Amino acid sequence: MLNYWRHSLSVRLWFTSVAALAIGLSVIAAVILYSLNHFPPQIFRGESDMRDARNIAASVGFDNAGRPNALKVAEEIAWLYEVLPTELMYRVMDDTGRVVFASRDAYHGDPWLPGKLAAVTGQIKPAKIDGRLFDVVTLKIQHQQSTFFVQTATSVEIDKAVLMLKVSPIPGTVQTTVLVAMIIFGLTLTFTVRRVLKPLTEASKAAASITPRNLTARLSTEGVPSEIKPLIHAFNEALGRLQHGFAVQQKFLASAAHELQTPLTLLRGQIELQPEIDDKELLYREIDLMARQVRQLLHLAEVSETQNFSFSQVSIADEAMDVVEYLARKAENKQVKLSFDTSIVSPQISADKSALFILLKNMARYRYLSMRRR
């Protein structure tokens, strides 16, 4: 059994596919972990800071005079700016740099970045606010004919803390994902391989059902993978050659039997017409033996051709009774009593009635001869 699984095509396909998946996922996981450990954290923090700044800019509301007067952000974002006023801040300014409105504790104080606001628009710049490091994002807002700027400031400490909260579960998540993916892939691959190899299994069953009686049958290539079709074609060609050779053999047997039967009959007749020949009984016995072998050849050629039979549901008991009736007179002449137990329930079988009759008759004769030898 172990040797079978070692050489099984389905097992090899399964292990090869699972190994390829495991290697691919491991490479991806290694790249992710390497990126998290070696790339500067500013890259990841910058994405988050820029996204938060865009949300703030998109949430700025204006009054009828076209001046910013409110910030319509989601409750969770507004809550963060409310509870962390020293870590998260924003300002909305006009084109002169004057603060129009801002988050708590961000109205007053010096500009967060030196120079003109237009020069740093769309950029993330480091800045010191009250002696602490912040990442400042500046975005431009165009409303009617007026230009405004939005600045968000996020402390480096909270950026790092949030980043670590996001990054720390990633290695475990990656490992779990790889493991789960391999398990699911391995289970589904089992059914996939079985489905892919199903045409081969069906072809194997069809090949096993081919016997000398149905050498005309051929394996179908429908649904068989292209790589296996040459094998099926070669097998069908081998069947064709086998069928031809079998037909030639049967033809030879029939021809030889017919050719030998007539000379034997003539030879026996010539011996009977020659009274001066001694030991005629010995010669007759040898000729009868040869004639019997010839008849066996004829019978062999006959039974090898399926068209010589007509199969139907036949009762073995009925055929046995016919054999008993057929042999009854000969049995009486030899003082042998034939009987058949009709109480035995006999099943119906698929057989040729004439061939079954001959089989049962030969079995009865063999039984009689065996008893005489004893």
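Which of the residues that make up the range 98-139 are among the charged types (D, E, K, R) and either assigned to a loop (DSSP other than H, G, I, E, B) or under 15 Å from Ala57 (Cα atoms) (or both)? Talk me through it step by step, then tell me what you get.
The first filter runs over the range 98-139 and keeps only residues among the charged types (D, E, K, R), leaving 98, 104-105, 110, 116, 125, 128, 130, 132, 135.
Across the range 98-139, the qualifying residues are Arg98, Arg104, Asp105, Asp110, Lys116, Asp130.
When the range 121-161 is filtered for residues that are under 17 Å from Met93 (Cα atoms), open to solvent by less than 10 Å² (accessible area, probe 1.4 Å) and among the hydroxyl-bearing types (Ser, Thr, Tyr), the ones remaining, listed by number, are Thr138, Thr152. Residue check: is Phe185 in a strand (DSSP E or B) and surrounded by 13 or more Cβ atoms within 10 Å (Cβ to Cβ)? Criteria not met by Phe185.
Tell me which residues, restricted to the range 44-68, are among the aliphatic types (A, V, I, L, M), closer than 30 Å to Lys160 by Cα and more than 48 Å from the chain's Cα centre (by Cα). Once the filter is applied, which keeps residues that are among the aliphatic types (A, V, I, L, M), closer than 30 Å to Lys160 by Cα and more than 48 Å from the chain's Cα centre (by Cα), the range 44-68 yields Ala53, Ile56, Ala57, Ala58, Val60.
Kindly establish whether Ile43 is among the β-branched types (Val, Ile, Thr), under 17 Å from Val136 (Cα atoms), loosely packed, with under 15 Cβ neighbours inside 10 Å and modelled with pLDDT under 80.
Spelling it out, Ile43 is indeed among the β-branched types (Val, Ile, Thr), under 17 Å from Val136 (Cα atoms), loosely packed, with under 15 Cβ neighbours inside 10 Å and modelled with pLDDT under 80.
Condition check: closer than 24 Å to Glu47 by Cβ, assigned to a strand (DSSP E or B) and of a type in the set (Val, Ile, Thr). Does Val174 satisfy that? No. Among residues of the range 201-214 being open to solvent by 50 Å² or more (accessible area, probe 1.4 Å) and within 29 Å of the chain's Cα centre (by Cα), the one that is nearest to Ser310 (Cα to Cα) is Ser209. Return yes or no: is Asp63 closer than 18 Å to Ser146 by Cα, open to solvent by 90 Å² or more (accessible area, probe 1.4 Å) and not aromatic (Phe, Trp, Tyr)? Here the answer is no, as Asp63 does not meet what is asked.
Name the single residue that is modelled with the lowest pLDDT among those in the range 260-308 being β-branched (Val, Ile, Thr) and either in a helix (DSSP H, G or I) or surrounded by 15 or more Cβ atoms within 10 Å (Cβ to Cβ) (or both). Don't jump to the end; show me each part of the working.
Restricting attention to the range 260-308, the residues satisfying the condition of being β-branched (Val, Ile, Thr) are 262, 265, 271, 277, 287, 294, 303, 306.
Of the ones still in play, those that are also either in a helix (DSSP H, G or I) or surrounded by 15 or more Cβ atoms within 10 Å (Cβ to Cβ) (or both) are 262, 265, 271, 287, 294, 303, 306.
Values: Thr262: 74, Thr265: 78, Ile271: 79, Ile287: 78, Val294: 74, Val303: 61, Thr306: 57.
Only one residue tops the list, namely Thr306.
Where residues in the range 215-248 are over 29 Å from Leu13 (Cα atoms) and surrounded by 12 or more Cβ atoms within 10 Å (Cβ to Cβ), which of them is farthest from the chain's Cα centre (by Cα)? Looking at residues that are over 29 Å from Leu13 (Cα atoms) and surrounded by 12 or more Cβ atoms within 10 Å (Cβ to Cβ), I get Ala247.
Taking residues in the range 191-209 that are closer than 17 Å to Glu222 by Cβ, and partners anywhere that are assigned to a helix (DSSP H, G or I) and modelled with pLDDT of 80 or more, the pairs with Cβ atoms closer than 8 Å and at least 6 places apart or on different chains are Ala203/Ile232; Ala207/Phe235.
The values are calculated or read from the model by the stated rules, or taken from the named source; none is laboratory data. Values in this document were obtained by computation on a predicted structure and should not be read as measured data. Cβ atoms come from the backbone with ideal geometry, glycine included; neighbour counts cover every protein chain shown. Areas reflect the complete protein model, heavy atoms only, side chains present, ligands, DNA and RNA absent. Shrake-Rupley method; radii C 1.70, N 1.55, O 1.52, S 1.80 Å.
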